[in-house]
Amino acid sequence: MAIIKKPTSPVKLAQLSRGSRFDLGGNGVSNVILLSLPNAEYRMLRPHLQPVDLPQHEILHEPGEKIEFTYFLNEGMASLVALSRDGRSVEVGIVGKEGMVGMPLTMGLRREIFRAIMQMSGSGLRIGSEVFQDILPSAPTLRTELNRFPLMHGMQSAQLAACNRLHDVGPRLIRWLLMCQDRVDLQSLPLTHEFLAQMLGTGRPSVSLAAGILESAGLIENLRGSVKILNRKSLEEAACECYGVIQHFNGGLGLK
């Protein structure tokens, strides 16, 4: 089985608490990477960070297109989605307040590989790609954190690939719901079965069947346009081993 083994001691990010750092509009910053920077580096970024509202299903980047902005989410969650020529799609990664959207820029690349789409509405800060790349050489801590995030994210993506190949829709749905809640801290996740099916790379009937089984067991409640998690502990117990591996990386990403 192509399952990644748990590292013995994930490195945790040292970060300021939420509300201890603000953007130009006076709004508190919640993004883990921005909170982990020393004051001098944040001051370099701050004049260029534009507050933005990010509604659900807004597309931030398209594959093959030039990356205009890097996004640091404060709230909400984005999906990185691989697209096929026949229109099918599957999620290959998710990003919340722990990371950034626009990782190719950290490697000197200017075009995106995947579609980046807001899966859950939220807000964040964006910075122009050229300004961002100009600042990077003068911000060693930012470079370190941005090197760490793709590494941890890559490990998670490898585990997601194994999960999608080895497990049925039910365990994958559980793993996915838990990963979402890790990033948004909401009991009710604003997600339709149609959208869940697209992210899991399967059909809507399969997702609805799996969600119905979880509802009958008292673990979730299927509402119109959302899924409410009723029993997190039991969901974790029912999840496949992939979630345990992925959860082990949460400390390194600054999540719970």
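The values are calculated or read from the model by the stated rules, or taken from the named source; none is laboratory data. Here the structure is a predicted model, which means the values were calculated and not measured. Please note: Cβ atoms are built from the backbone with ideal geometry, for glycine as well, and neighbour counts cover all protein chains shown. Only protein heavy atoms, including side chains, enter the accessible area calculation; ligands, DNA and RNA are left aside. Shrake-Rupley method; radii C 1.70, N 1.55, O 1.52, S 1.80 Å.
If the Cβ limit is 7 Å and pairs must be 6+ apart or interchain, which residue in region 229-240 that is farther than 10 Å from Leu214 by Cα pairs with which residue that is among the basic types (Lys, Arg) and assigned to a helix (DSSP H, G or I)?
The qualifying pairs are Ala239/Arg175; Cys240/Arg175.
Could you tell me whether Ile94 is in contact (Cβ under 8 Å) with a residue 40 or more places away in the chain, among the β-branched types (Val, Ile, Thr) and touching a Cys at 6+ places or on another chain (Cβ under 9 Å)?
Against the criterion (in contact (Cβ under 8 Å) with a residue 40 or more places away in the chain, among the β-branched types (Val, Ile, Thr) and touching a Cys at 6+ places or on another chain (Cβ under 9 Å)), Ile94 qualifies.
Can you give me the number of residues within region 151-180 that are within 16 Å of the chain's Cα centre (by Cα) and open to solvent by 30 Å² or more (accessible area, probe 1.4 Å)?
6
Residue check: is Gly124 surrounded by fewer than 22 Cβ atoms within 10 Å (Cβ to Cβ), under 16 Å from His61 (Cβ atoms) and small (Gly, Ala, Ser)?
Considered against the rule, which asks whether it is surrounded by fewer than 22 Cβ atoms within 10 Å (Cβ to Cβ), under 16 Å from His61 (Cβ atoms) and small (Gly, Ala, Ser), Gly124 comes out as no.
Among the residues of region 214-228, are any part of a helix (DSSP H, G or I), touching a helix residue (DSSP H, G or I) at 6+ places or on another chain (Cβ under 6 Å) and not acidic (Asp, Glu)?
No; the residues of region 214-228 include none that is part of a helix (DSSP H, G or I), touching a helix residue (DSSP H, G or I) at 6+ places or on another chain (Cβ under 6 Å) and not acidic (Asp, Glu).
Any idea which of (1) modelled with pLDDT under 90; (2) over 20 Å from Ile246 (Cα atoms) is the one Ile94 doesn't satisfy?
Only one criterion in (1) modelled with pLDDT under 90; (2) over 20 Å from Ile246 (Cα atoms) is unmet by Ile94, namely (2).
Do you know which of the residues in region 76-91 that are in contact with a Leu (Cβ under 8 Å, 6 or more places away or on another chain) and modelled with pLDDT of 90 or more is farthest from Arg165 (Cα to Cα)?
So, considering only residues that are in contact with a Leu (Cβ under 8 Å, 6 or more places away or on another chain) and modelled with pLDDT of 90 or more, the one farthest from Arg165 (Cα to Cα) is Gly76.
Only one residue in Leu151, Leu191, Leu223, Leu200 is of a type outside the set (Phe, Trp, Tyr), farther than 21 Å from Leu54 by Cβ and touching a residue at least 40 places away in the same chain (Cβ under 8 Å). Which one?
The match here is Leu200.
If only one of Glu75, Glu62, Glu91 is within 18 Å of the chain's Cα centre (by Cα), among the acidic types (Asp, Glu), closer than 27 Å to His193 by Cα and open to solvent by 70 Å² or more (accessible area, probe 1.4 Å), which one is it?
Sole residue among the options that is within 18 Å of the chain's Cα centre (by Cα), among the acidic types (Asp, Glu), closer than 27 Å to His193 by Cα and open to solvent by 70 Å² or more (accessible area, probe 1.4 Å): Glu75.
Name every residue in region 104-121 that is open to solvent by less than 40 Å² (accessible area, probe 1.4 Å) and not hydroxyl-bearing (Ser, Thr, Tyr), in order of residue number.
Pro104, Leu105, Glu112, Ala116, Ile117, Met118, Gln119, Met120
Can you report the number of residues in region 229-239 which are among the polar types (S, T, N, Q) and outside any helix (DSSP H, G or I)?
1
One line per residue, one yes/no per condition, for (1) crowded, with 17+ Cβ neighbours inside 10 Å; (2) over 20 Å from Val81 (Cβ atoms); (3) modelled with pLDDT under 85:
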residue: Leu186; (1), (2), (3): no, yes, no
residue: Ala197; (1), (2), (3): yes, no, no
residue: Ser216; (1), (2), (3): no, yes, no
residue: Arg224; (1), (2), (3): no, yes, no
residue: Ser234; (1), (2), (3): no, yes, no
residue: Glu241; (1), (2), (3): yes, yes, no
residue: Ile246; (1), (2), (3): yes, no, yes
residue: Phe249; (1), (2), (3): yes, yes, yes
residue: Gly252; (1), (2), (3): yes, yes, yes
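Within region 23-59, track down each residue that is surrounded by 13 or more Cβ atoms within 10 Å (Cβ to Cβ), over 18 Å from Gly102 (Cβ atoms) and in contact with a helix residue (DSSP H, G or I) (Cβ under 6 Å, 6 or more places away or on another chain).
none
Would you pick out the residues in region 124-150 that are of a type outside the set (Ser, Thr, Tyr) and over 20 Å from the mean Cα position of the chain (by Cα)?
Residues satisfying the conditions are Gly128, Glu130, Val131, Phe132, Gln133, Asp134, Ile135, Leu136, Pro137, Ala139, Pro140.
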